[in-house]
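The next block holds one structure in the form of structure tokens; read it before the comments.
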Amino acid sequence: MKAVVIGCGRVGSAVAVQLASEGWDVTAVDENEEALVRLGSNWRGGFVVGHGMDTSVLRKAGIDDADAAVVATDGDNTNVVVAQVVQKRFGVDCVVARVLDPARADFYAKRGVRTVCPTQTAISVLTDHVRACDVRPLEPSGAA
């Protein structure tokens, strides 16, 4: 199985390393060549320097033969556009995009883009943890 991971920051690099450890053939794409360091000294996958919106960069990364793509740059707009290009132009069925804005993530999810929204996940988990706390009941106003 082949995956292309676009965006090699903390999230993208961790996904790339995890998929590679599971036997995937992974190529990471990032504008910054120094991002290769995040993949570790044992990285045996591919790495392409360039912008994920550049179709020649995507082709160099092997998008034509990819079974899956993960789009995790630091920009919601970039992630959504790249995800749609990979899905529609290159015919990759399994495309997952990180989208930080919950409203935008929901909007695109309803239009067929698989989105992961870490912001919404954090809101849900934090709220659940607060609800699970053992807190003292509020005392009525004016009680002494």
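The values are calculated or read from the model by the stated rules, or taken from the named source; none is laboratory data. Because the structure is a prediction, the values reported are computed rather than measured. Positions of Cβ are generated from backbone atoms using ideal geometry, with glycine treated the same way; all protein chains shown enter the neighbour counts. Remember, those area values only see protein heavy atoms, side chains included, never the ligands or the DNA or RNA. Shrake-Rupley method; radii C 1.70, N 1.55, O 1.52, S 1.80 Å.
Would you mind stating whether Gly9 is within 18 Å of Arg98 (Cβ to Cβ) and open to solvent by 20 Å² or more (accessible area, probe 1.4 Å)?
Considered against the rule, which asks whether it is within 18 Å of Arg98 (Cβ to Cβ) and open to solvent by 20 Å² or more (accessible area, probe 1.4 Å), Gly9 comes out as yes.
Quick one: is His51 assigned to a helix (DSSP H, G or I) and either open to solvent by 20 Å² or more (accessible area, probe 1.4 Å) or at pLDDT below 95 (or both)?
When the stated conditions are applied, His51 does not pass them.
Within the bounds of the range 54-62, is there any residue that is open to solvent by less than 60 Å² (accessible area, probe 1.4 Å), within 30 Å of Ile123 (Cβ to Cβ) and not charged (D, E, K, R)?
Within the range 54-62, not a single residue is open to solvent by less than 60 Å² (accessible area, probe 1.4 Å), within 30 Å of Ile123 (Cβ to Cβ) and not charged (D, E, K, R).
Can you tell me which of (1) in a strand (DSSP E or B); (2) without any contact (Cβ under 8 Å) to a residue 24 or more places away in the chain; (3) not basic (Lys, Arg) is the one Ser56 doesn't meet?
Checking Ser56 against (1) in a strand (DSSP E or B); (2) without any contact (Cβ under 8 Å) to a residue 24 or more places away in the chain; (3) not basic (Lys, Arg), the one that fails is (1).
Please tell me if Thr27 is part of a helix (DSSP H, G or I), of a type in the set (Ser, Thr, Tyr), surrounded by 14 or more Cβ atoms within 10 Å (Cβ to Cβ) and on the phi < 0 side of the Ramachandran plot.
no
Can we say Ala35 is modelled with pLDDT of 95 or more, among the small types (Gly, Ala, Ser) and open to solvent by 10 Å² or more (accessible area, probe 1.4 Å)?
No; evaluated as a whole, the condition is false for this residue.
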